[in-house]
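Only one structure is covered here, and it is reproduced in the block below.
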Amino acid sequence: MKLDSKYFDSVRVKPDRARTAREAPICQWRGCAAAGLHRAPKGRGREGQYYLLCLEHVREFNASYNYFEGMSNADVEAYQKDSVTGHRPTWKVGAHWAHGTHGLSPEGRGGRLNDRHHILFDRNGEPDHSASARRRVLKPLELKSLEALNLTPAAARSEIKSRFHELVKRHHPDVNGGDNRSEDKLREIIQAYNYLKQAGLV
């Protein structure tokens with residue numbers, strides 16, 4: 001076979017186990033000369049560091065290994081409690097943030113939330129109603145539906161509901177003696193109201 005043959009790369013050779021064993025590190029158990037192919041943790045405070053042991057000695061090591069060796073019961077309980085949150089810092093609800101930002105902690109203004117950017121409260125400490133009064137930009141079909149109910153774009157939910165009930169009573173066929181124009185108007189009012197309801201304006 002030529003060395004530049006396309007089949008040369010696909011030839012597989014069985015690994016030489018004796019050679020692999022010779023290149024493997026020696027077991028770190030005292031007095032053992034076998035290959036150390038298995039990792040065993042070095043213990044608390046040395047995370048990420050391992051002994052290399054042979055199979056027989058790694059089994060013996062694992063049978064006697066105790067991560068909490070040398071710790072008091074109180075330390076073990078504290079470790080277990082912290083492990084619930086992945087050993088990350090936590091704070092009680094309403095407490096000041098430990099890292100110094102107090103944006104969500106009650107302070108000043110009689111225990112209200114600290115609103116240093118005046119999002120919830122105006123500069124005098126009074127609730128900012130202008131934000132709640134603002135309304136999203138209405139779509140053309142929403143405007144058309146409000147127009148069908150003879151309402152302006154600034155109409156409140158309660159106003160839309162009361163206008164709907166008023167118009168349904170006015171254009172109901174029983175009141176108008178079966179007038180077809182009144183039925184068409186009633187259908188338009190109901191469709192407009194249902195659309196506003198789906199859009200979340202009612």
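The values are calculated or read from the model by the stated rules, or taken from the named source; none is laboratory data. Owing to the predicted nature of the structure, the values given are computational and were not obtained by experimental measurement. In this analysis, Cβ positions are derived from the backbone assuming ideal geometry, glycine residues included, and neighbour counts consider all displayed protein chains.
Condition check ((1) among the basic types (Lys, Arg); (2) loosely packed, with under 10 Cβ neighbours inside 10 Å; (3) at pLDDT 85 or above) across all residues:
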residue	(1), (2), (3)
Asp4	no, yes, no
Lys14	yes, yes, no
Ile26	no, no, yes
Gly36	no, no, yes
Arg44	yes, no, no
Tyr51	no, no, yes
Asn73	no, yes, yes
Val76	no, no, yes
His87	no, yes, no
* Of all residues making up segment 58-75, the number that are polar (S, T, N, Q) and in contact with a strand residue (DSSP E or B) (Cβ under 9 Å, 6 or more places away or on another chain) -> 1
* The listed residue being at pLDDT 90 or above, polar (S, T, N, Q) and not in a helix (DSSP H, G or I), out of Asn176, Asn150, Asn194, Asn124 -> Asn150
* Asked: Across segment 35-57, which residue is nearest to the chain's Cα centre (by Cα) among those that are farther than 25 Å from Gly70 by Cα and assigned to a loop (DSSP other than H, G, I, E, B)?
  -> Leu37
* Going through segment 160-202 one residue at a time, which ones are surrounded by 14 or more Cβ atoms within 10 Å (Cβ to Cβ) and within 38 Å of the chain's Cα centre (by Cα)? -> Ile160, Lys161, Ala192, Tyr193, Tyr195, Leu196, Lys197, Ala199, Leu201, Val202
